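Coordinate-derived values only; no laboratory data. All values reported here derive from a predicted model rather than from experimental measurement. With ideal geometry, Cβ positions are generated from the backbone for all residues, glycine too; neighbour counts draw on all protein chains shown.
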Amino acid sequence: MKKFSIKIVALVLALGAVSFTGCKKFLDINDNPNAPSDASVALLLPSAQAAIGHVVGSPFQIYGGIWSQYWTQSPSASQYKTIDQYSINASSFDRPWRMLYTNALQDLQVIINKAKTAPQYQQSAAISYILKGYTFQLLADAFGDVPVKEANNVDITNPHYDAQQVVYDSVFYFINTGLAMIDVNTEAVPGSEDLVFAGNMTKWKQFAYTLKLRAALRLSQVLPAAAEDTVKALQAAGATFLTEDGAIQYSTTGGNQNPLFAEILGLGRTQNLVASSSAVDQMNANQDPRVDVFYEKVKDLDKVVGITQGAFDTIVETIPFSIPTAVVGAKGLDDQSALAPVKLISGEESYFLQSEAAARGWWAGANAQQLFVNGINASFAAYDLGPEAAAYIANAPAAKWPATGLDAQVKAIITQKYFAMCGNQGFEAWSEWRRTGYPTFLVVSLATALGPDQMPARLLYPNTEVTQNANFPGLKVVTEKVWWDK
């Protein structure tokens, strides 16, 4: 995919400078400068996309990466200990919540309002509706019940929360509204200010269909009939899906770097994330060449080595272990980390979603096994390993397609999706584990503060909501499952 750099505007500079946890070195943006209705769409759209990309690529990437056990806390530091211990603080989510609501969703709504009287912004509004669907799914998957109906209303300072099922109804509504507005033949499209597809509305249509498929499958355990109906409706509508990443590309220019790298940069390039043996051991057992892409080899051993999840207080610093690479934006001493994209939806994820829909019998005539293979091939190709995919598919136990049994096939699909998302779609991998229970090799962190057999199932509501919203519905604990998690 062609790379489009983020424009250096004031808000985007501020977003790129955030340090999520530990030291607090960042530009403070308590007020959103884009809130006025006369703000330029050419600034509103990239600022909204940058806000979404920052949350997906830094705070949610860190939590997702640790809780899906791609990464664990380094034994030589303490920055992410509380995350590995499942002992998290509500105030850690103040900023991501504000970025999604006050920055992203508010800016998207201003674009939508502008398009009502300015037809030249119709396609920007279509993108905005689709991104509203993406953002509200992200919020619901992270926190559960969240404000939707009264969100971003200037006349409502204490919005009521909507039930998760209502939020998901809204997700589908926003996606459908955006799809109905797309005109792939018009020349009145955004240009480079669209950081994801540069105004290519055919790709935005594929993104919307893929997002709708993702949202439908998320309901497979809680509302299977509705999920099936949604998938079948997609087929009846002639939906086509992404074959490449829907991603935000970054540069080495200050303020425009990958947000996880910016987090590490703000801490003096300190690298406090290390490889977890949960992911590494399974990839090594399958002779998966992608392990050398996602993690640095231990030089003396000439292989990637992980440490047991949460073992940071029980091992000595001299024990060899690997760290994440620049490919996922997590190598603080390598400026190439600044260029790592944030993948909102990846091409390989798209194939695995289609494979699961076919395996469940919800997409008539589709070949689930071939789509499964396509997903593996797409993952290998994404990291210039295309020629090695065939041998992996032929020989790796985890790449074998079960001839029968829906559960076995779903396990194979989600496990391969997990490997494909290593280090770059951590929050989505964690969400899929919560939905399906796959992969089955995740373990309780040795540092857990929850006790045996308990693992985190949600993020906590931000402290700002607890203390400032009169309609806040009440505290949740990290082990309380969200609605679709059965």
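For SER91 and LEU333, the difference between the fully extended length at 0.36 nm per residue and the C-alpha to C-alpha distance is 84.2 nm.
Seen through its C-alpha gyration tensor, with square-root eigenvalues sorted a ≥ b ≥ c, the stretch 242-294 comes out oblate because a/c lies at 1.5 or above while a/b is not bigger than b/c. Each residue, THR404 and ILE315, gets one label point 7 Å from its Cα in the Cβ direction; the gap between the two is 4.2 nm.
For LYS476, enumerate residues with amide H under 5 Å from its amide H, sequence gap 5+ or separate chain, H modeled in the peptide plane. HN-HN under 5 Å from LYS476: TYR461.
Would you please classify the overall shape of the stretch 144-245 from the alpha carbon gyration tensor, given that a ≥ b ≥ c denote the square roots of the eigenvalues, rounded means a/c under 1.5, and beyond that prolate means a/b larger than b/c while oblate covers the rest?
oblate
Maximal additional length on extending the GLN122-GLU150 stretch stands at 7.7 nm, based on 0.36 nm per residue less the C-alpha distance.
For VAL298, the residues whose modelled amide H falls within less than 5 Å of its own, excluding neighbours fewer than 5 places apart on the same chain, are LYS303, VAL304, VAL305.
The helix-only estimate of mean residue ellipticity at 222 nm for the chain, built from DSSP H runs of length n ≥ 4 each weighted as -39500 (n - 2.57), is -13000 deg cm²/dmol after division by the residue total.
Helix screen, the chain: DSSP H segments with Cα axial length of 24 Å or more and mean Kyte-Doolittle hydropathy at least -0.5 are 122-143, 164-181, 201-218. The alpha carbon centroids of the stretch 153-230 and the stretch 437-471 are separated by 27 Å. Rounded to the nearest 20, the Cβ-based charge dipole of the chain about its Cα centre (Lys and Arg +1, Asp and Glu -1) stands at 280 debye.
Under the classification rounded if a/c is under 1.5, otherwise prolate if a/b is larger than b/c and oblate if not, where does the stretch 239-386 fall, given a ≥ b ≥ c as square roots of the Cα gyration tensor eigenvalues? Since a/c reaches 1.5 but b/c is at least a/b, the shape of the stretch 239-386 is classed as oblate.
Label sites at ALA390 and LYS299, each approximated as a point 7 angstrom past Cα along Cα to Cβ, lie 3.7 nm apart. Sequentially through the stretch 390-399, phi angles give Karplus couplings (6.51, -1.76, 1.60; θ = phi - 60°) of 4, 5, 4, 4, 6, 10, 6, x, 6, 9 Hz, Gly and Pro residues having no value and appearing as x. Put a plus charge on the Cβ of each Lys and Arg, a minus charge on the Cβ of each Asp and Glu, and nothing anywhere else: the dipole of the stretch 311-364 about its Cα centre is then about 220 debye. Relative to the Cα centre, the charge distribution of the stretch 271-369, modelled as +1 at Lys and Arg Cβ and -1 at Asp and Glu Cβ, gives a dipole magnitude of about 240 debye. Lysine pairs in the stretch 382-486 whose alpha-carbon atoms fall under 28 angstrom of each other, counting only those eight or more residues apart or on distinct chains, come to 8. By DSSP, the beta bridges lying fully in the chain are antiparallel in about 90 percent of cases. Highest average first, the peptides 380-390, 437-447, 354-364 ordered by how many other beta carbon atoms sit within 10 Å of their residues are 354-364, 437-447, 380-390.
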